[in-house]
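Notes follow the structure.
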Amino acid sequence: KQTIKIDIPRGLRLDQITISDYVPPEIPKGAENYKLPFSVPKRHPRLLINPAELARIRVQIMHPDNTEMWAKVRKTAETPYKFDVDMSREVGYNGELLKVIRQKALYSLVSGSEDAGREAVDLTKKYITCVEYGNLLDISRENGETIFTASIVYDWCHNLLSAEDKELFYKELMRLALIMECGYPPFKQQITTGHGSEAMMNRDMLSMAVAFYEKDPKILQYL
């Protein structure tokens, strides 16, 4: 059973509401039978950063040009972020929270701080479980940033995730993928031109595909 709650601002009337099942876009035969021309590494990290790049980053952050910015990242990462949320209620888009999560995940990856990594995981789990975007006309940018950030945490903090955490990340990000303008499977829009070829598919959905490759290789296959 599912419950639907509708909040109507004072002074407005609801004339009617139509509820229909989600109909996924049809999968083209070419995509269904497509074979990737490359292999995806089994190890993590692999999203934006690989082990060789990580080693270089650890050296570069000590360069005088980077120490001031890295100190800011470290301060953000080591400062607990207050995000008290009632898990039975929805929360709206929170760009500041997503930025903090990315910094904590990066600091954890580069420095090895498990405390920062676990906080990034915990904040992400709370947020993706409860986030909704209300009656906004275009949510693809806000929703895409959520998918992108959660994918980063899944990949960069992978060693800190329990089996239950991994299932939750997959379940909630696939839920959010369904409400993207490109839909899921992502064939409502084109990946080469137009709105779908912006961050929606070429950053957000692609990041999720790379992060979840062992769990669901078809996401990357379809992209």
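The values are calculated or read from the model by the stated rules, or taken from the named source; none is laboratory data. Being a predicted model, the structure only gives us computed values, none of them experimental. Heads up, the Cβs are rebuilt from the backbone with ideal geometry, glycines too, and the neighbour counts pull from every protein chain shown. Protein only, heavy atoms only, side chains kept; ligands, DNA and RNA dropped before computing areas. Shrake-Rupley method; radii C 1.70, N 1.55, O 1.52, S 1.80 Å.
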In this structure, does TYR133 turn out to be of a type in the set (Phe, Trp, Tyr), modelled with pLDDT under 95 and under 24 Å from MET87 (Cα atoms)? yes
Of the conditions (1) open to solvent by 60 Å² or more (accessible area, probe 1.4 Å); (2) touching a Lys or Arg at 6+ places or on another chain (Cβ under 9 Å); (3) of a type in the set (A, V, I, L, M, F, W, C), LEU178 fails just one. Which one is it? (2)
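Quick one: how many residues across segment 59-118 are of a type in the set (Lys, Arg), assigned to a helix (DSSP H, G or I) and open to solvent by 100 Å² or more (accessible area, probe 1.4 Å)?
Here is the first cut: in segment 59-118, the ones of a type in the set (Lys, Arg) are 72, 74-75, 82, 89, 99, 102, 104, 118.
If we keep only those that are assigned to a helix (DSSP H, G or I) too, we end up with 72, 74-75, 99, 102, 104, 118.
Subset that is open to solvent by 100 Å² or more (accessible area, probe 1.4 Å): 72, 74-75, 99, 118.
Final tally of qualifying residues: 5.
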Give the residues of segment 199-223 that are over 16 Å from PHE38 (Cα atoms), open to solvent by 30 Å² or more (accessible area, probe 1.4 Å) and touching a residue at least 24 places away in the same chain (Cβ under 8 Å), sorted by residue number. ALA199, ARG203, LYS215
Matching entry among ALA77, ALA31 (being among the small types (Gly, Ala, Ser) and without any contact (Cβ under 8 Å) to a residue 60 or more places away in the chain): ALA77
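Would you check which residues across segment 42-74 are touching a residue at least 24 places away in the same chain (Cβ under 8 Å) and under 24 Å from ALA211 (Cβ atoms) and list them? Lay out the reasoning, then the answer.
Restricting attention to segment 42-74, the residues satisfying the condition of being touching a residue at least 24 places away in the same chain (Cβ under 8 Å) are 42, 44-49, 54, 57-58, 61, 73-74.
Of everything in segment 42-74, those that are touching a residue at least 24 places away in the same chain (Cβ under 8 Å) and under 24 Å from ALA211 (Cβ atoms) turn out to be LYS42, HIS44, PRO45, ARG46, LEU47, LEU48, ILE49, LEU54, ILE57, ARG58, ILE61, VAL73.
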Residue tally, condition under 24 Å from the mean Cα position of the chain (by Cα), assigned to a loop (DSSP other than H, G, I, E, B) and farther than 25 Å from ILE179 by Cβ, over segment 8-56: 12
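Please go through segment 1-28 and give me each residue that is touching a residue at least 60 places away in the same chain (Cβ under 8 Å) and among the hydroxyl-bearing types (Ser, Thr, Tyr), ordered by number. Don't jump to the end; show me each part of the working.
Our first condition is that a residue be touching a residue at least 60 places away in the same chain (Cβ under 8 Å); within segment 1-28, this holds for 22, 24-28.
Result: TYR22, single match.
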Residue set GLY183, GLY194; condition touching a Pro at 6+ places or on another chain (Cβ under 7 Å) and on the phi > 0 side of the Ramachandran plot; output residue GLY183
State yes or no: is ARG141 over 21 Å from ARG89 (Cβ atoms), part of a helix (DSSP H, G or I) and at pLDDT below 95? yes
